[in-house]
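The values are calculated or read from the model by the stated rules, or taken from the named source; none is laboratory data. Nothing here was measured: the structure is a model prediction, and the numbers come from that model. Please note: Cβ atoms are built from the backbone with ideal geometry, for glycine as well, and neighbour counts cover all protein chains shown.
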Amino acid sequence: LLFYVGFKGG
Amino acid sequence: MTLTPLDWAIIGVYLIGCVAAGVWMKRYVRGVEDFAVAGREMDVYLGVASLAATEVGVVTIMYTAEMGFTNGPAGATYGVLSALAMFLVGLTGFVITPMRNAGVMTIPELFEKRFGVGVRWLAGLVIILGGVLNMGIFLRLGGEFLVHLIGLPQQYLEVTMTALLALVLLYTVLGGMLSVLVTDYLQFLVMGMGIVITSVLVLWHTPWPVFTQQLTLAHQATSAAQEQETGLGSLGSGESAPSAKPQSISATTAPPHQAQPQATSSAGSAATGTAVSQKSSETTDPAVVKPLPKGMKMGNPFNPVGRGGLGWMWVLWQAMTALAVVTTWQTTIARVLAARDSKTAKRIYRRTAFYFVGRFALPGLWGAAAFIYFWQQGGLPEGVDTLRAMPRFLATLLPMGLLGLMVAAMLAAEMSTDSGYLLTWATVIYNDLLMPLVRRKPSEKTRLLIIRSLVVLIGLFLVFYGLWYQLPGKAWDYLVVTGNIYLASLFTLLVGGLYWPTANRIGATAAIILGAVGPLSFLIVNFLHDWKPDQFPWKIAPEIAGLAAFGCAFAGMIVGSLVGRLFLPNTVGQDWSLARKDESQ
């Protein structure tokens, strides 16, 4: 989630 | 453990970046809807980050670690239950779909459409009572974490936490939910890094085979000690004698790496000496041959309903609480109401669900590892109890740089929770307690000023109540009981109001009052017992009070509505078409 939500959320 | 310049640099970069991003969002706030629900512009992954960051605070990490310290991984049972509840609600849209479709800003606003303004006001009052009291212990526990993690002098706790709250207030007052969403996103990333790295370090320090073996032995030692103290008769009917024998835990003259197979076989543990590496067995063996120090007990570490576990009643109560929290807890629901539509809200729930397992299981892992560490050390140091053991353990574990990251992660957890909660409770006071009393709607500018002032006032209340209040018992019990003041009654109102056409305002009022009786009677009876145990020999178990609250609330709703049907025949069958009509206009 750090990377996935990090990218998508940004 | 003191912070190095590298640690300070990590903390400084995080704080400056976070506050700057929060203040930047002020430019988009044009009215109360932007301030309270981010103009309903929130999409799925920002929602996942915000929901996860808000519901994982330092207080969460402290009490979940305490559950791990006293019950091992089984202490994370609530995490599994809440993940299941969240996933099922996200799958079915139970409660959250009609609530988002109603286009309201708070839960009580929904009640006005169904039960009238009186029920809305009463529900708002109960939410504030339960919610603000619940939040009361956040600041102190956040400060305690820093005291034990980095050795912050106790006299600086209040001023440090007040300064941290001032930073949170700065961006929350200026940007409202828009600032909260952006800072939550940054805090989600920092917090996630800290949690992952710490969990890996803990498992490296205490490998899983050693972890399970030691917790099993600790539970057997606890059972044996209880058996010696109270005799077999008090263990409960139909339960077999413990497999651990006290002498198997007593001191032996054999060297540690030889003592382990002998001790484990005589204690009946499933773990064997061969399952543990030479290095780890040498570092953890002393615990095998040491009796449990005073004040340290381990419940059933894997089976919450097994012998010495938390019990079926407790699990049932937690399951009810989990379902009520994901449908009723205003800070969680605030993300549903800020979502672009009900479909987005459901996706946010489904994708956040498993995060809630880790919310309990990972700090619980740290807490259980702290138990093993302090068992080896011969007991908890002076001034450290079950709640504060985990940060003290981490202080011995984390190296330079990672300590700074962990402090930044915990500051992120504290700030994201504080900002979300401050905004939510201020919105409820503004929307459900003040606005229904005002005859003429004030201008947008005045309304923004009112809601911003309320955020500051709740912040001030937190400083005075939160930093000077001393917690009487387990943090989790305090949080669940104060939360239950409103969870049981409002959950009943939502389910009855949305899915039972006969529900009416008399049933709703009865549910609110009776739902608060269970938690309040728990607080009063247990206070009297602690005050004069000779005159008041009875105590109420928290699970009994919690389940009674749900039972009373549902009984109040059903009986009250059926009685009310005689006096309010015109309300029967009224449904949410009114609310949906409002949204389409």
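Here the condition is being within 14 Å of chain A (Cβ to nearest Cβ) and assigned to a helix (DSSP H, G or I); of B:Thr344, B:Thr331, it holds for B:Thr344 alone.
Rundown of residues vs (1) surrounded by fewer than 21 Cβ atoms within 10 Å (Cβ to Cβ); (2) aromatic (Phe, Trp, Tyr); (3) part of a helix (DSSP H, G or I); (4) more than 22 Å from the chain's Cα centre (by Cα), yes/no style:
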| residue | (1), (2), (3), (4) |
| --- | --- |
| B:Ala409 | no, no, yes, no |
| B:Asp418 | no, no, yes, no |
| B:Tyr421 | no, yes, yes, no |
| B:Tyr430 | no, yes, yes, yes |
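Candidates B:Val80, B:Val104: the one that is farther than 20 Å from B:Gln187 by Cβ and outside any helix (DSSP H, G or I) is B:Val104.
Only residues that are over 23 Å from B:Met406 (Cβ atoms), of a type outside the set (Val, Ile, Thr) and either in a helix (DSSP H, G or I) or more than 14 Å from chain A (Cβ to nearest Cβ) (or both) were counted across region B:40-51, and they come to 4. Annotation: B:Phe35 fulfils all but one of (1) under 23 Å from the mean Cα position of the chain (by Cα); (2) at pLDDT below 85; the unmet one is (1).
Of the residues B:Leu380, B:Leu422, B:Leu398, B:Leu460, the single one that is of a type outside the set (Gly, Ala, Ser) and free of Cβ contacts under 8 Å to residues at least 24 places away in the same chain is B:Leu460. Scanning region B:40-65 for residues that are touching a Pro at 6+ places or on another chain (Cβ under 6 Å) and not aliphatic (A, V, I, L, M) yields a single hit, B:Thr64. In region B:64-86, the count of residues that are surrounded by fewer than 23 Cβ atoms within 10 Å (Cβ to Cβ) and more than 29 Å from B:Met313 (Cα to Cα) is zero. A single entry from B:Thr160, B:Thr183 fulfils the requirement of being away from chain A (no Cβ under 14 Å) and part of a helix (DSSP H, G or I): B:Thr160. Looking only at residues in region B:52-67 that are away from chain A (no Cβ under 11 Å) and either under 17 Å from B:Gln187 (Cα atoms) or free of Cβ contacts under 8 Å to residues at least 24 places away in the same chain (or both), the one that is nearest to the chain's Cα centre (by Cα) is B:Thr60.
Does at least one position in region B:490-512 carry a residue that is assigned to a helix (DSSP H, G or I) and either farther than 25 Å from B:Met99 by Cα or at pLDDT below 75 (or both)?
So far as region B:490-512 goes, no, none of its residues is assigned to a helix (DSSP H, G or I) and either farther than 25 Å from B:Met99 by Cα or at pLDDT below 75 (or both).
Residue count for region B:527-550 under the criterion of being assigned to a helix (DSSP H, G or I) and in contact with a helix residue (DSSP H, G or I) (Cβ under 9 Å, 6 or more places away or on another chain): the result is 9.
In summary, B:Glu41 fulfils each of the numbered conditions (1) more than 17 Å from the chain's Cα centre (by Cα); (2) modelled with pLDDT of 85 or more with the single exception of condition (2). Screening B:Leu152, B:Leu169, B:Leu189 for residues that are within 14 Å of another protein chain (Cβ to nearest Cβ), within 17 Å of B:Leu15 (Cβ to Cβ) and surrounded by fewer than 24 Cβ atoms within 10 Å (Cβ to Cβ) leaves exactly one candidate, B:Leu189.
The condition (being under 30 Å from B:Ile96 (Cα atoms), of a type in the set (Lys, Arg) and in contact with a Ser or Thr (Cβ under 7 Å, 6 or more places away or on another chain)) is satisfied by just one residue among B:Arg359, B:Arg347, B:Arg351: B:Arg359. Within region B:361-382, restricting attention to residues that are under 13 Å from B:Met298 (Cβ atoms) and not aliphatic (A, V, I, L, M), which residue is nearest to the chain's Cα centre (by Cα)? So the residue we want is B:Gly364. When region B:52-81 is filtered for residues that are over 23 Å from B:Tyr373 (Cα atoms) and not polar (S, T, N, Q), the ones remaining, listed by number, are B:Ala52, B:Ala53, B:Glu55, B:Val56, B:Gly57, B:Tyr78, B:Gly79, B:Val80, B:Leu81.
Find the residue count for region B:83-101, including only residues that are part of a loop (DSSP other than H, G, I, E, B) and aromatic (Phe, Trp, Tyr).
Count: 1.
Exactly one residue among B:Thr183, B:Thr92, B:Thr106 is crowded, with 23+ Cβ neighbours inside 10 Å and under 30 Å from B:Gly496 (Cα atoms), and that residue is B:Thr106. I'd like to check something: does region B:498-516 contain any residue that is farther than 26 Å from B:Phe94 by Cα and among the aromatic types (Phe, Trp, Tyr)? Checking region B:498-516: not a single residue is farther than 26 Å from B:Phe94 by Cα and among the aromatic types (Phe, Trp, Tyr). Selection within region B:192-207: residues that are among the aliphatic types (A, V, I, L, M) and within 14 Å of chain A (Cβ to nearest Cβ). The member of this set that is surrounded by the fewest Cβ atoms within 10 Å (Cβ to Cβ) is B:Val200.
For B:Asp341, state whether it is among the acidic types (Asp, Glu), touching a residue at least 12 places away in the same chain (Cβ under 8 Å), over 25 Å from B:Phe94 (Cβ atoms) and surrounded by fewer than 24 Cβ atoms within 10 Å (Cβ to Cβ).
No.
Please determine whether any residue of region B:118-131 is within 14 Å of the chain's Cα centre (by Cα) and under 23 Å from B:Ile429 (Cα atoms). So far as region B:118-131 goes, yes, one or more of its residues are within 14 Å of the chain's Cα centre (by Cα) and under 23 Å from B:Ile429 (Cα atoms).
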